[in-house]
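This report concerns only the one structure given below.
The values are calculated or read from the model by the stated rules, or taken from the named source; none is laboratory data. Here the structure is a predicted model, which is why all the values come from computation and not from measurement. Please note: Cβ atoms are built from the backbone with ideal geometry, for glycine as well, and neighbour counts cover all protein chains shown.
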Amino acid sequence: MTKFRNQLLTSVATIGFAAVVSIAPGIPAGSGTPGVTEEEMRAVMHGWSAKKKILGKPVYNDDKEKIGVVEDLVITPQRWVPYAIIGVGGFLGIGKQEVAIPMSQLKEEQGRFFAPRATRYAIRAMPRFEYAKQ
C-alpha cells in the first residue's frame with residue numbers, strides 16, 4: 001500500500017470509528033468499552049482528516065488542469081476505502097456528475113491530488129456514480 005492510501009485508511013477509520021464499532025460483526029451492541037488504545041490514538045493523531053484534508057479538494061491531471069473535486073469516500077462493508085467519488089463537469093453545480101475513481105489511480109503530492117493520465121473528457125465519459133438505494 002502506498003503512504004497516501006495508508007494515511008487515508010487511517011483517517012477514514014478515525015472518522016467512521018463510532019459507526020464501525022456499532023456495526024462490527026461479532027461485537028454485540030452495548031458490550032465492551034468504546035474508544036481507542038493509546039497506540040491507536042497516536043496513529044490517529046498522525047492520520048489525515050478526511051473532512052479537512054480530502055473532501056472538497058480539487059483533483060488535477062498531469063497537465064495541472066482541474067478535472068473535479070473529491071465529493072466522498074466510499075467505505076465498503078469490509079471497511080476498505082477503495083474509491084473516491086469525484087464531482088466533475090458542470091457550472092455552479094448545474095450539470096455536474098459524480099464518478100468513482102479507484103484510490104489506486106489517485107496520488108497525492110504536496111497536498112494536491114492528481115489522477116495521472118486523466119483528461120476532463122475521459123473523466124466526464126465515465127459511467128455516472130449513483131448510491132445504492134437502501
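Gly68 - would you say it is more than 17 Å from the chain's Cα centre (by Cα) and of a type outside the set (Lys, Arg)?
In short, no.
From (1) modelled with pLDDT of 85 or more; (2) among the hydrophobic types (A, V, I, L, M, F, W, C); (3) assigned to a loop (DSSP other than H, G, I, E, B), pick out the condition that doesn't hold for Val59.
Going through (1) modelled with pLDDT of 85 or more; (2) among the hydrophobic types (A, V, I, L, M, F, W, C); (3) assigned to a loop (DSSP other than H, G, I, E, B) one by one, Val59 breaks only (3).
For region 109-121, indicate whether the set of residues that are assigned to a helix (DSSP H, G or I) and crowded, with 17+ Cβ neighbours inside 10 Å is non-empty.
No, that holds for no residue.
Tally time: how many residues in region 52-76 are over 24 Å from Phe91 (Cβ atoms) and among the β-branched types (Val, Ile, Thr)?
Number satisfying all stated conditions: 3.
Applying the selection to region 50-60, what residues are closer than 16 Å to Met103 by Cα and in contact with a helix residue (DSSP H, G or I) (Cβ under 9 Å, 6 or more places away or on another chain)?
Listed by number, the residues that qualify are Ala50, Lys53, Ile54, Val59.
Out of the residues in region 81-98 meeting the condition of being assigned to a loop (DSSP other than H, G, I, E, B) and touching a helix residue (DSSP H, G or I) at 6+ places or on another chain (Cβ under 8 Å), tell me which one is nearest to Lys57 (Cα to Cα).
Ranking the qualifying residues of region 81-98, first place goes to Gly89.
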